[in-house]
Amino acid sequence: MLVPMPAQAAAPSQLVLVVGAEELLVDRAVARIVAAKRAVDPETDTRDLTPGNFNPGTFAELVSPSLFGESRVVVVRSAQDLAADDAAMLTSVLDGLAEEITLVVVHLGGVKGKALLTAVEKAGAARVDVAKVTKPTERIAFLREEFKAARRQITEEAARALLDAVGNELRELAAAASQLIADTTDEAKTPIDETVVAKYYSGRAEVSGFTVADLAVDGRTAQALEQLRWALATGTAPVLITSALAAGVRSVARVASAPRGARPADLARELGMPPWKIDKVRQQVRGWTPDGIGTALLAVAEADAAVKGGGDDPAYALERCVVTVCRARGQGAGARG
């Protein structure tokens, strides 16, 4: 699924190209690069840029030598969606990166933005390919790897039961695996079987994190809060809900930045989503602005940190996040209109 970084990843290349449509695995690939850089210099700064906040002047400053030689990782995500001038700016710096800079270019692959991808490759980038996970067997394999990384075992039947209960999204599956591992620490030497999965996940499919996320992205505050409280009451892990909210807002951002006249089938190939989801997200995009998307992503990030130990009350953090996401829909629309 993911080509591992080379053995010498403790000193990552100055230029790295990450190619793929599986967001979770792409994020992990980027995180490994950042971790490798920080293993060399713990003070390494990280900057994330997207087509929505890419400013040529700021970018040029970020990849230029600093007065004190601070180590920095600059990540340009969704590079295939950069405007022509921005792509030209990125291309112009490829051969002149400051020694302390690591530039990571994240590209979906495919035809869109192909010239930029080729330019980055020709500049000598270390390439990391992330394959799309599409088959049930591949998701089962993904789950096994999640448990293996934590030095735990899960039976084939239990993995299938977890997949049935949680759904196909890798972020939710990863969060569910993490939660299950944490909840069964006392039985660490015993493989997780169907009985264990049923104990923790029975009934959870009725109200999943995606139910809450869909309502929040639609701006339906009252219904989203009602479903959130029911999901928590029936045992849905808070981390699954923040994961679903993140996936929902990111999907809106990706479809919103795509060409308006593109066919669902074409977008599905470019964005790595099934055509039915493209149609669904296109309905959700209405009312969203770049400012609103930015606000929603920040709220989700804050809630995610809170439910993972950064806050005292996960339920309150989630409620505040849901309200913020609902209100973010339409933010700035009046000023733009």
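The values are calculated or read from the model by the stated rules, or taken from the named source; none is laboratory data. Given the structure is predicted, the values throughout are model-derived calculations rather than measurements. Heads up, the Cβs are rebuilt from the backbone with ideal geometry, glycines too, and the neighbour counts pull from every protein chain shown.
Residue-wise test of (1) at pLDDT below 85; (2) closer than 26 Å to Val26 by Cα; (3) among the hydroxyl-bearing types (Ser, Thr, Tyr); (4) assigned to a helix (DSSP H, G or I).
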{"site": "Asp164", "(1), (2), (3), (4)": "yes, yes, no, yes"}
{"site": "Asn168", "(1), (2), (3), (4)": "yes, yes, no, no"}
{"site": "Ile181", "(1), (2), (3), (4)": "no, yes, no, yes"}
{"site": "Lys199", "(1), (2), (3), (4)": "yes, no, no, yes"}
{"site": "Ala213", "(1), (2), (3), (4)": "no, yes, no, yes"}
{"site": "Gln223", "(1), (2), (3), (4)": "no, no, no, yes"}
{"site": "Gly235", "(1), (2), (3), (4)": "yes, no, no, no"}
{"site": "Leu245", "(1), (2), (3), (4)": "no, yes, no, yes"}
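Answer yes if at least one residue in the range 171-183 is of a type in the set (Lys, Arg) and surrounded by fewer than 17 Cβ atoms within 10 Å (Cβ to Cβ), and no otherwise.
no
If the requirement is being more than 17 Å from the chain's Cα centre (by Cα), more than 28 Å from Val300 (Cβ to Cβ) and in a loop (DSSP other than H, G, I, E, B), which of these qualifies: Arg160, Arg151? When all the criteria are applied, what remains is Arg151. Looking only at helices (runs of 4 or more DSSP H) that fall completely inside the range 258-329, which ones have 3 or more residues that are of a type in the set (Ser, Thr, Tyr) and touching a helix residue (DSSP H, G or I) at 6+ places or on another chain (Cβ under 9 Å)? Because the criterion is at least 3 residues that are of a type in the set (Ser, Thr, Tyr) and touching a helix residue (DSSP H, G or I) at 6+ places or on another chain (Cβ under 9 Å), no helices (runs of 4 or more DSSP H) in the range 258-329 meet it.
The set of residues in the range 112-133 being free of Cβ contacts under 8 Å to residues at least 60 places away in the same chain and either basic (Lys, Arg) or not assigned by TED's automatic domain parsing to the domain that holds Leu94 (or both) consists of Lys114, Lys122.
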